[in-house]
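Below: one structure, written as structure tokens.
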Amino acid sequence: MKYDACIVGSGAGASPVAYVLAKAGYKVVVLEKGPWLDEKDFYKDELACCRRTTYSPKLADEPQVIEEEYENDAGESYWQGESTAESGWDFWNGSMVGGSSNLMSGYFHRLKPVDFRLKSEFGAIKGANVEDWPISYKELEPFYDQVDREVGVSGKVVEHPHLEPHKSDYPFPPTAEHPISAWIDKAATEIGYHPIPVPRAVLSKPSMGRRSCEYSGFCSSYGCSSGAKGSGRAALLNHAVATGNCKIIPNAKVFKLDSEGQKSEMDSGNEPTVTGVHYYDRNGRKKTINARKYIVACQAIETSRLLLASKSEAFPNGLANNHGQVGKNIIFSAGGTGRGDFMFDEVSKEQEQLLRVRGPFINRAVQDFYEIDDKSFGDRSKGGTIDFLFHQNAIAKASGEQWDDDDNLVWGDALKERLLNAFNYGQTLRFEVFNDWLPTDDCFVELDNEVTDKWGDPVAKVRIGAHQHDLKVGEYLAAKAENVLKAMGATNVSSSVSSYPPPNLQAGGCRFGNDPNTSVLDKNCRAHEVKNLYVTDGSFMPTGGSVPYTYTIYANAFRVAKHIKEELSTKS
């Protein structure tokens with residue numbers, strides 16, 4: 001069967017396209033490398049979820065190569081790669097229908113107007129490849145609103161110094177909040193901050209055939225057993241399949257896109273086209289799908305790998321890569337984490353009971369420093385977001401207790417004492433800092449020349465160089481977050497900001513822009529060089545902003561889906 005659209009991947013960048021096109025009556029096929037799991041498969045097993053490869057590929061079967069910078073004895077720097085099969089460093093983020101949107105925390109902060117014009121607003125930064133977006137916040141705002149309705153966002157719009165434009169409130173009331181949220185509000189307000197409730201992609205009441213949040217406390221990194229979390233599967237793909245126009249093929253590992261057309265034809269305006277997608281089915285057999293439009297949304301690293309592996313006469317260096325931009329300017333989310341302890345013997349019995357509450361979300365953030373006007377930065381600079389949270393699950397709470405304050409390994413009685421303190425004597429309030437990971441020449445994806453996956457295909461090699469400016473901003477924000485914990489009366493307040501990337505927050509590699517010499521995609525996320533190829537995951541982002549990416553990926557995918565639908569309707 002020839003489909004109107006073939007979509008590679010099924011997460012936040014893929015599911016809106018399948019949903020919009022299927023509801024419009026177009027025939028869609030979705031190829032997903034992982035299995036098709038649903039609510040009955042998402043049980044609250046912390047070992048299965050967070051310590052084993054239950055929801056992601058085994059690294060022995062599907063490694064990647066991570067390239068880090070080192071220094072030799074002479075003080076000279078060099079780059080060296082290591083397979084994740086050897087290091088155990090896992091960059092996979094949920095290989096299943098719905099992708100990693102099944103496992104997200106659902107912190108749904110929008111980008112702000114300044115994020116779309118980072119270079120114009122704050123100027124160039126030496127060593128960083130910062131560019132403005134080819135679209136504005138105003139152009140994306142209607143699609144943020146669509147995400148709110150179709151995916152289901154719970155929250156309350158509250159005025160604060162850096163609030164982005166909103167035409168309406170969120171369609172669902174805020175989810176239930178942990179009592180410590182009020183403590184954060186009081187302390188932050190007293191020191192001049194403006195704490196805000198965090199909108200969540202979690203239903204606070206039943207809707208759209210999904211149950212509401214049941215407050216089990218097992219949310220971040222877990223699949224949702226109630227369907228309340230707005231994963232691409234629960235919120236969109238289930239409805240797309242119900243139309244009868246969308247077919248999902250799980251356990252389908254795509255390894256190449258075919259294209260036809262001569263290299264010289266691109267200069268004459270007769271762009272090459274994708275003609276088919278090749279994949280391995282669950283039994284390892286090679287199969288092919290044909291469609292009118294092809295949409296790639298495998299998450300940033302794997303999307304770059306697939307395009308680079310899809311070589312042809314027109315594209316000897318990889319599909320849509322005749323300007324050498326595929327895989328360049330990969331970004332993650334910069335920042336770090338921090339913590340503060342509330343010891344039960346230092347608070348009242350009533351406060352202790354409140355601290356022991358499990359289940360409800362904290363739902364508090366601070367964005368007072370989304371823009372920084374501080375002499376230490378010289379000119380006005382871009383800042384970021386601080387989110388507060390509890391790690392309420394046992395293994396997550398115990399993780400790290402095997403190391404003392406000097407990073408020495410502890411065991412026996414010393415380890416028992418640390419675990420007793422962690423579980424019985426107090427509660428730890430944590431925060432996360434999100435700021436821009438500036439794109440640089442030392443953060444990119446290419447094909448590895450030696451390491452292959454279990455199918456014999458070259459794996460992605462990812463260089464993970466970070467810009468020093470990212471650390472400066474992260475440390476500034478972490479200090480501001482520590483101020484809140486201290487104002488609350490927390491003890492053992494500390495933070496850590498690192499240049500190591502969080503693998504679950506990845507974007508770039510196929511940035512969109514108006515110039516084919518410096519971007520892979522046009523403003524509608526169609527490849528400059530390929531007539532019928534679109535990329536709709538986070539790969540399109542030239543810069544990432546200072547918030548988690550999923551909300552923006554959803555919104556942009558809805559925007560692009562509208563454009564593809566219009567194209568199909570005019571050429572049918």
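The values are calculated or read from the model by the stated rules, or taken from the named source; none is laboratory data. Values in this document were obtained by computation on a predicted structure and should not be read as measured data. Note: ideal-geometry Cβ built from the backbone for every residue, glycine included; neighbour counts use all protein chains shown.
Looking at Lys205, Lys156, Lys167, Lys186, which is the one that is modelled with pLDDT under 95, over 20 Å from the mean Cα position of the chain (by Cα) and basic (Lys, Arg)? If you could, list the steps in order and put the result at the bottom.
Details: Lys205 fails: modelled with pLDDT under 95; Lys156 fails: modelled with pLDDT under 95; Lys186 fails: modelled with pLDDT under 95.
Selected residue: Lys167, the only one of Lys205, Lys156, Lys167, Lys186 that is modelled with pLDDT under 95, over 20 Å from the mean Cα position of the chain (by Cα) and basic (Lys, Arg).
So how many residues does region 213-228 have that are among the hydrophobic types (A, V, I, L, M, F, W, C) and either touching a His at 6+ places or on another chain (Cβ under 6 Å) or under 12 Å from Tyr43 (Cβ atoms) (or both)?
Applying the first criterion (among the hydrophobic types (A, V, I, L, M, F, W, C)) to region 213-228 yields 213, 218-219, 224, 228.
Applying the additional criterion that residues be either touching a His at 6+ places or on another chain (Cβ under 6 Å) or under 12 Å from Tyr43 (Cβ atoms) (or both) yields 218, 224.
So the answer is 2.
Exactly one condition in (1) exposed (fewer than 13 other Cβ atoms within 10 Å of the Cβ); (2) within 16 Å of Ala228 (Cβ to Cβ); (3) in contact with a helix residue (DSSP H, G or I) (Cβ under 7 Å, 6 or more places away or on another chain) is false for Ala201; which is it?
Unmet condition: (1).
Out of Thr518, Thr552, Thr570, I need the residue that is out of contact with any strand residue (DSSP E or B) (no Cβ under 6 Å at 6 or more places or on another chain), modelled with pLDDT of 95 or more, surrounded by fewer than 24 Cβ atoms within 10 Å (Cβ to Cβ) and not aliphatic (A, V, I, L, M). Which one? I'd like the intermediate steps shown before the answer.
Values: Thr552 fails: surrounded by fewer than 24 Cβ atoms within 10 Å (Cβ to Cβ); Thr570 fails: modelled with pLDDT of 95 or more.
From the options Thr518, Thr552, Thr570, the qualifying one is Thr518.
Cβ contacts < 6 Å: first residue closer than 17 Å to Tyr19 by Cα, restricted to region 137-162; second residue in a loop (DSSP other than H, G, I, E, B), any location; separation 6+ or different chain. Result?
Sorted first by the residue in region 137-162, then by its partner, the pairs are Tyr144/Arg110; Asp148/Tyr170; Asp148/Pro171; Arg149/Pro171; Val151/Ala201; Val151/Gly230; Gly152/Leu203; Gly152/Gly230.
Give Ser83, Ser56, Ser10 a once-over and let me know the one that is within 25 Å of Leu236 (Cα to Cα), hydroxyl-bearing (Ser, Thr, Tyr) and modelled with pLDDT of 95 or more. Step through it out loud before you land on a result.
Working: Ser83 fails: within 25 Å of Leu236 (Cα to Cα); Ser56 fails: modelled with pLDDT of 95 or more.
Testing whether each residue is within 25 Å of Leu236 (Cα to Cα), hydroxyl-bearing (Ser, Thr, Tyr) and modelled with pLDDT of 95 or more leaves just Ser10.
Scanning region 364-407 for residues that are modelled with pLDDT of 95 or more and not in a strand (DSSP E or B), which turns out nearest to Ala228 (Cα to Cα)?
Going through the qualifying residues, I end up with Gln367.
When you scan region 1-87 for helices (runs of 4 or more DSSP H) that lie fully inside it, which ones turn up with 2 or more residues that are touching a residue at least 24 places away in the same chain (Cβ under 8 Å) and over 22 Å from the mean Cα position of the chain (by Cα)?
On the way: elements: 15-23, 46-50, 84-87.
Once the helices (runs of 4 or more DSSP H) in region 1-87 are filtered for at least 2 residues that are touching a residue at least 24 places away in the same chain (Cβ under 8 Å) and over 22 Å from the mean Cα position of the chain (by Cα), what remains is 15-23.
Regarding region 231-250, can at least one residue be identified that is under 15 Å from Leu319 (Cα atoms), modelled with pLDDT of 95 or more, assigned to a strand (DSSP E or B) and not β-branched (Val, Ile, Thr)?
Kept after step one, since they are under 15 Å from Leu319 (Cα atoms), are these residues of region 231-250: none.
No, every residue in region 231-250 fails to be under 15 Å from Leu319 (Cα atoms), modelled with pLDDT of 95 or more, assigned to a strand (DSSP E or B) and not β-branched (Val, Ile, Thr).
What tally of residues in region 332-363 results from selecting those that are within 30 Å of Pro542 (Cα to Cα) and part of a strand (DSSP E or B)?
Of the residues in region 332-363, the ones within 30 Å of Pro542 (Cα to Cα) are 332-338, 363.
Subset that is part of a strand (DSSP E or B): 333-338.
Number satisfying all stated conditions: 6.
Restricting attention to region 291-318, report how many residues are aliphatic (A, V, I, L, M), within 15 Å of Arg511 (Cα to Cα) and in a loop (DSSP other than H, G, I, E, B).
1
Let me spell it out: the conditions are (1) touching a residue at least 24 places away in the same chain (Cβ under 8 Å); (2) surrounded by fewer than 24 Cβ atoms within 10 Å (Cβ to Cβ); (3) out of contact with any Leu (no Cβ under 9 Å at 6 or more places or on another chain); (4) not small (Gly, Ala, Ser), and Pro206 meets all of them except one. Which number is the exception?
Failed condition: (1).
For the structure I just gave you, tell me whether Lys416 is of a type in the set (Lys, Arg) and loosely packed, with under 14 Cβ neighbours inside 10 Å. Quick ask: steps written out before the conclusion?
Working: of a type in the set (Lys, Arg): yes; loosely packed, with under 14 Cβ neighbours inside 10 Å: yes.
Here the answer is yes, as Lys416 does meet what is asked.
From the list Glu417, Glu352, pick out the single residue that is touching a helix residue (DSSP H, G or I) at 6+ places or on another chain (Cβ under 6 Å) and free of Cβ contacts under 8 Å to residues at least 24 places away in the same chain. Let's see the steps before the verdict.
On the way: Glu417 fails: touching a helix residue (DSSP H, G or I) at 6+ places or on another chain (Cβ under 6 Å).
One residue alone meets the criteria, Glu352.
For region 479-551, which fully contained strands (runs of 3 or more DSSP E) count at least 3 residues that are over 23 Å from Glu302 (Cβ atoms) and either of a type in the set (D, E, K, R) or in contact (Cβ under 8 Å) with a residue 40 or more places away in the chain (or both)?
On the way: elements: 491-498, 507-509, 533-535.
Qualifying strands (runs of 3 or more DSSP E): 491-498.
Here is a list: Val153, Val97. Which entry is within 27 Å of Val433 (Cβ to Cβ) and not acidic (Asp, Glu)?
Working: Val97 fails: within 27 Å of Val433 (Cβ to Cβ).
Every option except Val153 fails the conditions.
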